[in-house]
């Protein structure tokens, strides 16, 4: 029996016995079943990896969805299967922190800027899913949507039509940020400052304002729950994520001045590396003149296709330049991750057992534990 693609053209032939069951999926099938790329017709095409792309020339081990599923704790370790692990994560996600062991909370609020001037690298997707994952792990998280498109607000299920109190009111009119916060239905401890289309004109309106690049910093540090455990106790926010627009304008500059850590999502393709130098130059200028405490602490490789040499090469090159700042967990290409915002959800609640959700959960855990070690 020979498989054919949906378009009618013959794809890579996979022979199964005429009688008897089809062979079960392997771990690599579990990782790549949601990817949209076609299967190569020949085994010797150069882009195919020999080992699935997990082991790099420098010895750095990238964690894919299959690795995360294998490593995930299960209710019964003696009878663990990928399906059982996925079912466990579905139960844990839907019941939230009541069943999932919480992570230790940081001693002070960690303010992350999520930025990359290249669009389509998974910036907003990574922001909302890491934030939702941290909330599921027992953290109190605030997402500040600084993109006029409002995609983070959509994914987190909060209202962001014109007229709704938003980041525009905070930046331009000086409204306290606590007054524009909404609670996300994604998790009890996940809060959102939504963005409306009005934000598109904020850069022009801020041009004549004194200290215009520091308005977001002033607003965030004026939030009554941003601070240290010693001062605020259990009511403090543990994480603030600022989702930036895909440009290096005044809105992104406000975010860079406001944050003390930076997370850069990088797509596992060559084009994603081209503009990285300009972004890092901007970061260095901000550190030198406006915010010396800003640190690029986290690099997250997204849209990783473990079947290709290209993804493996990009991940290795990023690792060579940034070292331990690069998370070991990579985010796979996933239809479920892309579908979730159309339902006003993150993938963490839309399909908690999917490879994308498992990887974002593990990436969130890495971010939290790296910060604890630091």
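Please treat every number below as a calculation from the coordinates, not as lab data. Since the model is a prediction, treat every value here as computed from it, not as a measurement. Cβ placement follows ideal geometry from the backbone for every residue including glycine, while neighbour counts extend to all protein chains displayed.
How would you order 176-185, 360-369 from highest to lowest mean count of nearby Cβ atoms within 10 Å?
Values: 176-185: 17.3, 360-369: 22.5.
Per-residue Cβ counts within 10 Å, averaged per peptide and sorted highest first, yield 360-369, 176-185.
Going highest first, how would you order 150-156, 283-289, 186-192 by mean Cβ packing within 10 Å? Before the final figure, lay out the partial values.
Working: 150-156: 25.9, 283-289: 14.1, 186-192: 24.0.
Taking the mean over residues of other Cβ atoms within 10 Å, the ranking is 150-156, 186-192, 283-289.
What's the exposure ranking of 271, 239, going from fewest to most Cβ atoms within 10 Å?
271, 239
Normalised by the number of residues in the range 217-352, what is the relative contact order in percent for Cα pairs under 8 Å and 6+ residues apart?
Value for the range 217-352: 19 percent.
Ratio of alpha-carbon Rg to the 2.2 N^0.38 Å globular estimate for the range 94-373, to two decimals, please.
So the Cα radius of gyration is 0.93 times the expected 2.2 N^0.38 Å.
What order, most packed first, do the peptides 114-121, 259-266 have when packing is the mean number of other Cβ atoms within 10 Å of each residue? Walk me through the numbers on the way to the answer.
Details: 114-121: 20.8, 259-266: 24.0.
Result, highest mean first: 259-266, 114-121.
In whole Å, what is the distance between the alpha-carbon centres of the range 229-263 and the range 322-338?
Using only Cα atoms, the two centres lie 21 Å from each other.
Could you list 348, 303 so that the one with the fewest beta carbons within 10 Å of its beta carbon is first and the one with the most is last?
By the 10 Å Cβ count, ascending: 303, 348.
Taking the convex hull of the Cα atoms, report for the range 145-206 its projected area averaged over all directions, in nm².
Values: hull surface 15.0 nm².
Result: 3.7 nm².
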